[in-house]
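Worksheet for the structure shown next.
Since every read-out is calculated from the coordinates, none of them should be taken as a lab result. Since the structure is predicted, the reported quantities are computational estimates derived from the model, not experimental observations. Neighbour counts run over all protein chains shown; Cβ positions are idealised from the backbone, glycine included.
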Number of protein chains: 2
Amino acid sequence: MTSTDGGRSSALGRRAVERRLGLVTDLYELTMAASYHRLGMHDRATFSLFVRKLPAHRSFLVAAGLEDALARLERLGFDDEGIDYLVTTGHVRPEEADALARVRFTGDVRAVREGRVVFPGEPLVEVDAPIIEAQLAESLILNAIHYPTLVATKAARCVAVAGGRPLVDFGLRRTPGIDASVDVARACWLAGFASTSNVHAARRLGIPASGTVAHAFIEAMPDERAAFEAWARTTVGPLTLLVDTYDTLSGTRRAIELARRLRGEGRALASLRLDSGDLEALSRAVRQLLDDAGLRDVRIFASGGLDEYAIDRLVRARAPIDGFGVGTRVGMSADAPVLDMAYKIVAYAGRPCLKLSAGKATIVGPKQVWRRRDSGGRLVADRIAALDEPAPTSGDWEPLLEPVVSDGRALRRPRLAELRSAHAAEVARLPAELRAIAPDEPRATYAVSISRVLAERHRAAVRETRRREGLEPRRDGQAS
Amino acid sequence: MTSTDGGRSSALGRRAVERRLGLVTDLYELTMAASYHRLGMHDRATFSLFVRKLPAHRSFLVAAGLEDALARLERLGFDDEGIDYLVTTGHVRPEEADALARVRFTGDVRAVREGRVVFPGEPLVEVDAPIIEAQLAESLILNAIHYPTLVATKAARCVAVAGGRPLVDFGLRRTPGIDASVDVARACWLAGFASTSNVHAARRLGIPASGTVAHAFIEAMPDERAAFEAWARTTVGPLTLLVDTYDTLSGTRRAIELARRLRGEGRALASLRLDSGDLEALSRAVRQLLDDAGLRDVRIFASGGLDEYAIDRLVRARAPIDGFGVGTRVGMSADAPVLDMAYKIVAYAGRPCLKLSAGKATIVGPKQVWRRRDSGGRLVADRIAALDEPAPTSGDWEPLLEPVVSDGRALRRPRLAELRSAHAAEVARLPAELRAIAPDEPRATYAVSISRVLAERHRAAVRETRRREGLEPRRDGQAS
């Protein structure tokens with residue numbers, strides 16, 4: 001397998017590096033794999049990765065993390081030291097350890113492209129491989145996709161309400177580690193952010209880094225006036241001043257004095273940053289001071305605990321803010337930090353698999369998701385169908401899952417820039433009510449149906465399973 | 001610097017490895033560092049890392065992440081490729097890049113031990129170093145400490161309500177990346193969890209891995225009875241059966257049949273796992289079936305979206321559950337996914353630094369936190385004092401911050417096992433109301449005061465700053 005987005009692969013958080021990721025798993029995956037081997041079970045299984053239901057405050061999800069998931073599949077397997085560990089700890093018998101030592105991912109993967117909008121029940125990824133490989137991939141793949149999908153979704157909501165104003169990823173300092181900070185920068189970029197403050201991520205991803213100046217710089221100087229002077233004299237690139245260290249309006253007046261002097265030297269003040277207080281009121285007051293000073297070109301940039309709700313309020317209030325720095329709350333998807341995302345077996349050896357557990361039932365078999373657009377190109381409905389069903393005939397339907405790995409070999413995938421453009425185009429075609437930010441209202445829903453063929457196949461499998469397991473047929477006639 | 005917890009350092013999430021972490025920062029840290037250099041500012045600064053306020057539903061925090069933070073400080077600086085990147089992108093001028101290329105961390109660090117209980121306003125870490133180094137450390141250190149502190153705090157709450165029942169970290173599949181999964185396993189272990197399902201983390205940290213069996217194994221078999229047989233016949237270690245794939249009580253009856261047969265062969269069924277449905281009602285029904293079958297020794301283990309609230313309810317209801325698997329909600333600290341944690345300059349060249357920004361004011365100068373115990377050893381109050389103040393004299397006071405790095409060299413730190421024991425002992429000495437889980441009630445608060453010396457010094461600095469910056473004295477007489 002090779003990656004078309006390889007530039008981002010870099011490990012900085014920890015020191016030693018292992019080639020193979022097989023131990024990055026829940027113990028039961030290894031012990032089950034050992035048992036499958038002992039039982040001679042080498043048939044292919046299909047596992048489906050999907051989200052069971054939307055969190056509160058979300059009306060759609062943005063798929064992300066596939067690139068990393070596939071890079072990990074490429075590294076499925078075990079180093080000698082890993083095998084030794086499993087044997088010496090007694091988790092696996094030596095004879096099964098030998099079998100594990102030979103594991104590589106040789107299967108097929110179909111997936112939804114990163115940046116696409118997805119809904120509950122729709123597979124984001126389907127893995128079809130010998131059951132040991134498909135089982136061992138579970139924790140690796142879920143771990144790769146859960147967090148980026150969460151963050152890309154949150155970031156897309158920020159972009160949706162920002163009305164074209166540039167957003168900058170400020171997440172690094174409070175993301176869950178260094179790799180997570182790259183995931184955040186990437187997810188935000190995919191969702192349409194303009195840049196990241198995270199230099200490591202910018203370099204890895206080949207995206208723009210941007211920055212302003214911090215309070216520490218102001219505080220370390222004899223006074224604010226001297227600090228502004230020092231910053232203007234020494235920094236490179238467009239000049240931004242941070243004006244809220246002591247008093248926002250007083251700082252703004254000092255910035256204006258400096259801007260006037262700099263203008264005499266042919267240099268411009270580019271922007272002011274506000275990082276605290278009532279951003280709506282302060283941005284108006286600051287704008288007024290700037291305009292009165294003839295500094296209409298100086299932009300106002302705001303940061304400080306922002307998320308889509310805060311941005312939405314500021315934009316709706318027509319606060320004169322030209323760009324936003326967004327960090328912590330996006331990096332932890334603070335209002336919806338968890339997705340009910342699962343990776344479930346749906347077929348083994350051609351036989352449908354399902355569970356009936358309360359609230360966690362799965363729908364059998366490999367699937368395709370079909371997305372319908374109306375004549376204006378707008379998204380109108382999705383249909384989850386069995387993979388072997390023909391394409392729907394009436395209307396303009398597009399399949400969401402496409403092959404990304406075949407016989408263990410990665411297929412060529414689009415570059416990040418292309419995914420980013422496609423994401424923007426798709427979000428623009430979503431029903432407007434799905435893009436709206438409404439924390440307290442019931443969220444809008446999008447029509448996702450299950451094809452008649454799949455529904456009937458599933459009902460038959462449920463009946464057969466209940467019969468086989470000696471359970472009463474369900475009285476309510478539901479599928480599960 | 002050397003690490004006493006080095007076993008955990010391993011990078012698996014990404015491929016290439018760089019020695020130096022200087023680019024893992026927000027761009028402004030680099031441009032400020034370049035400006036400090038150009039301005040000839042090489043005096044020492046003190047930066048203080050602290051949490052401004054508790055999130056809702058938290059009455060204390062558990063410090064964590066220090067080990068990783070210090071390992072990162074050791075790697076502060078820039079590789080040649082990193083310097084090239086900064087120059088070619090125009091972020092830094094070549095002459096300042098030369099200065100950056102020479103950066104290493106040569107300063108001092110004082111910190112609160114991991115696993116200790118901390119409160120808002122109390123520094124968890126104080127860095128005293130030439131300002132360029134201390135500034136460049138900001139994003140690296142915050143990033144290292146924010147997330148583990150969040151997770152250790154959540155995990156400690158789970159342990160507090162579990163009444164001694166073992167908890168297992170099931171977080172891997174939905175943590176924000178692989179390194180984050182190790183952070184979670186470590187934070188959970190520190191907080192008193194019994195084991196982790198994460199094999200990679202268990203190996204890195206030298207802690208126990210444990211596991212059960214998944215639904216996929218059951219579903220891949222011809223039927224549940226065959227699956228239980230197959231699992232019993234092939235797995236190593238204590239036998240756990242997962243009984244909720246199709247119907248929990250039916251599954252339990254099948255497990256009992258098998259247990260009886262196994263007993264004839266001298267083998268025991270160790271436990272049943274419940275992963276869905278009404279865990280309280282099901283655990284009672286399953287316990288009854290087991291007891292009626294004379295299988296009183298078979299334990300019941302529960303999992304599925306659990307957190308401290310769910311565990312608390314089950315324990316209070318006396319549900320017969322002997323252990324819990326806890327994953328996603330702890331790994332994202334789902335009910336409080338963000339800490340208002342900051343790293344702020346408090347002194348430069350011996351001069352106090354502060355900002356007055358609304359809601360973000362800082363208290364000047366290097367500090368010590370003193371913790372008082374009563375005669376029974378219980379924690380009664382903390383006092384934040386200036387570092388140069390003498391120890392409080394009346395009562396039993398202990399300083400929380402201790403030197404961990406001196407002149408850039410790491411001092412010997414306690415091992416994880418020792419931190420874990422100390423954590424358990426400290427939590428046991430907390431006022432009981434602080435350990436209580438009460439989602440809807442106002443949380444209990446612990447007495448944290450600021451010493452008179454520090455308060456007076458801070459007020460004087462505020463007065464001096466306001467005078468210097470030409471701001472009116474505050475009328476409300478507050479410090480900031």
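Note on A:E433 and B:T89: with the Förster distance fixed at 45 Å, the Cβ-Cβ geometry gives a FRET efficiency of about 0.65. Taking packing as the residue-averaged number of other Cβ atoms within 10 angstrom, the listed peptides A:195-202, B:169-176 run from highest to lowest as B:169-176, A:195-202. For A:T106, the point set 7 Å out from Cα toward Cβ sits 5.8 nm from its twins in the other copies, listed from shortest up. Taking 25 Å as the limit for the C-alpha separation, the pairs A:K344/B:K154; A:K355/B:K154; A:K154/A:K355; A:K53/A:K355; B:K154/B:K355 exceed it in the case of A:K344/B:K154; A:K355/B:K154; A:K154/A:K355; B:K154/B:K355. Compare the Cα positions of A:T212, A:P238, A:I300 along the charge dipole of the stretch A:212-302 (+1 at Cβ of Lys, Arg; -1 at Cβ of Asp, Glu; about the Cα centre) and return the one farthest towards the positive end. Of A:T212, A:P238, A:I300, it is A:P238. Taking amide H as placed 1.01 Å from N in the peptide plane, A:G115 has its amide H under 5 Å from the amide H of A:A63, A:A64, each at least 5 places away in sequence or on another chain. When the Cα positions of A:A358, A:A342, A:G77 are compared along the charge dipole of the protein assembly as shown, A:A358 comes out farthest toward the positive end, with charges on each C-beta of Lys, Arg, Asp and Glu. Residue-wise HN-Hα couplings along the stretch A:257-266, as the Karplus relation 6.51 cos²θ - 1.76 cosθ + 1.60 with θ = phi - 60° gives them from phi, are 3, 5, 4, 5, 5, 4, 4, x, 9, x Hz; Gly and Pro carry x. In terms of surrounding Cβ atoms within a 10 Å radius of their Cβ, B:V87, A:V112 rank from fewest to most as B:V87, A:V112.
Let me make sure I get this right: for the stretch A:212-302, a, b and c are the square roots of the gyration tensor eigenvalues over alpha carbons, sorted descending. Under 1.5 in a/c it's rounded, otherwise prolate if a/b > b/c, else oblate. Which is it? Cα axes put the stretch A:212-302 in the oblate bin.
Work out the mean other chain Cβ neighbour count within 10 Å for the residues of B:191-203 and drop it here as an integer.
Across B:191-203, the average partner-chain Cβ count within 10 Å equals 4.
Using just the helices of chain B, give the 222 nm mean residue ellipticity in deg cm²/dmol: DSSP H runs with n ≥ 4 each add -39,500 (n - 2.57), and the total is spread over all residues, rounded to 500.
Roughly -11500 deg cm²/dmol at 222 nm, from the helical runs in chain B.
Rounded to the nearest 20, the Cβ-based charge dipole of the stretch A:367-480 about its Cα centre (Lys and Arg +1, Asp and Glu -1) stands at 240 debye. Rg/Rh, computed from the Cα trace of chain B with Rh as the Kirkwood radius, has the value 1.05. Put simply, the amide H of B:M341, placed in the peptide plane, has neighbours under 5 Å in B:R52, leaving out anything fewer than 5 places away on its chain. If only the Cβ of Lys and Arg carry +1 and only the Cβ of Asp and Glu carry -1, the dipole of the stretch A:212-302 around its Cα centre is close to 420 debye. Farthest toward the positive end of the dipole of the protein assembly as shown, out of B:I145, A:T393, B:A129, is the Cα of A:T393, where the dipole comes from beta carbon charges about the Cα centre.
Over chain B, Cα pairs under 8 Å with separation of 6+ residues give a relative contact order of 21 percent.
Computed as a quarter of the hull surface, the mean projected area of the alpha carbon convex hull for the stretch B:323-480 stands at 14.0 nm². Residue-wise HN-Hα couplings along the stretch B:176-185, as the Karplus relation 6.51 cos²θ - 1.76 cosθ + 1.60 with θ = phi - 60° gives them from phi, are x, x, 6, 4, 4, 5, 6, 4, 5, 4 Hz; Gly and Pro carry x.
Taking every residue in A:358-371, how many Cβ atoms of other protein chains lie within 10 Å of its Cβ, on average?
Per-residue shielding by partner chains comes out at 2.
Normalising the average separation of contacting C-alpha pairs (under 8 angstrom, six or more residues apart) by the number of residues puts the relative contact order of the stretch A:204-336 at 19 percent. Here the residues A:V125, A:V103, ranked from fewest to most Cβ neighbours within 10 Å of their Cβ, fall in the order A:V103, A:V125. Between B:A293 and B:A391, the simple spin-label model (points 7 angstrom out along Cα→Cβ) gives 6.0 nm. Computed from Cα positions, the angle between helix A:138-161 and the longest principal axis of chain A comes to roughly 40 degrees.
Quickly rank B:241-251, A:146-156 as a protection proxy: mean count of other C-beta atoms within 10 Å, highest first.
Averaged packing, sorted descending, gives the order A:146-156, B:241-251.
Between B:R38 and B:E398, the distance separating the two model label sites (each 7 Å from Cα on the Cα→Cβ line) works out to 4.9 nm. Apply the a/c threshold of 1.5 to the C-alpha gyration tensor of the stretch B:408-474 and tell me whether it is rounded, prolate or oblate. Here the stretch B:408-474 falls in the oblate category. Placing a label point 7 Å from Cα along the Cα-to-Cβ direction at A:D407 gives distances to the equivalent points in the other copies of 6.4 nm, listed shortest first.
Each Lys and Arg contributes +1 and each Asp and Glu -1, all at the Cβ; summed about the Cα centre of the stretch B:160-331, the dipole is approximately 400 debye. Summarising the strand pairing of chain B, around 65 percent of its internal DSSP beta bridges are antiparallel. Expressed in units of 2.2 N^0.38 Å, where N is the residue count, the Cα radius of gyration of the protein assembly as shown is 0.96. Can you tell me what share of the DSSP beta bridges in the protein assembly as shown is antiparallel? A percent to the nearest 5 is fine. So the antiparallel bridges in the protein assembly as shown amount to around 65 percent.
Need one word for the stretch B:228-279: rounded, prolate or oblate. Basis is the Cα gyration tensor (sqrt eigenvalues a ≥ b ≥ c); a/c below 1.5 gives rounded, then a/b vs b/c decides. Since a/c reaches 1.5 and a/b is larger than b/c, the shape of the stretch B:228-279 is classed as prolate. Inter-chain neighbour count for A:348-356: the average number of beta-carbon atoms from partner chains within 10 Å of each residue's beta-carbon is 4. Calculate the length of the line joining the C-alpha centroid of the stretch A:58-130 to that of the stretch B:285-306, in whole Å. So the two Cα centres are separated by 32 Å. Summarising the amide proton neighbourhood of B:K355: residues at separation of 5 or more, or on other chains, whose placed amide H is nearer than 5 Å comprise B:T362. Give the nm distances, rounded to one decimal, from B:R267 to the matching residue in every other copy, measuring between label points 7 Å along Cα toward the beta carbon; shortest first. With the label placed 7 Å along Cα→Cβ, B:R267 yields 7.8 nm. Couplings 3J(HN,Hα) for the stretch B:339-354, derived from phi with the Karplus relation 6.51 cos²θ - 1.76 cosθ + 1.60 (θ = phi - 60°), are 10, 7, 9, 9, 10, 10, 5, 10, 7, 9, 6, x, 9, x, 10, 7 Hz, where x marks Gly and Pro. Judged by the mean number of other Cβ atoms found within 10 Å, the most tightly packed of the peptides B:358-369, A:419-430 leads the ranking B:358-369, A:419-430. Taking a Cβ cut-off of under 12 Å around B:D275, the surrounding Lys, Arg, Asp and Glu residues balance to a net charge of +2, with basic ones at +1 and acidic ones at -1.
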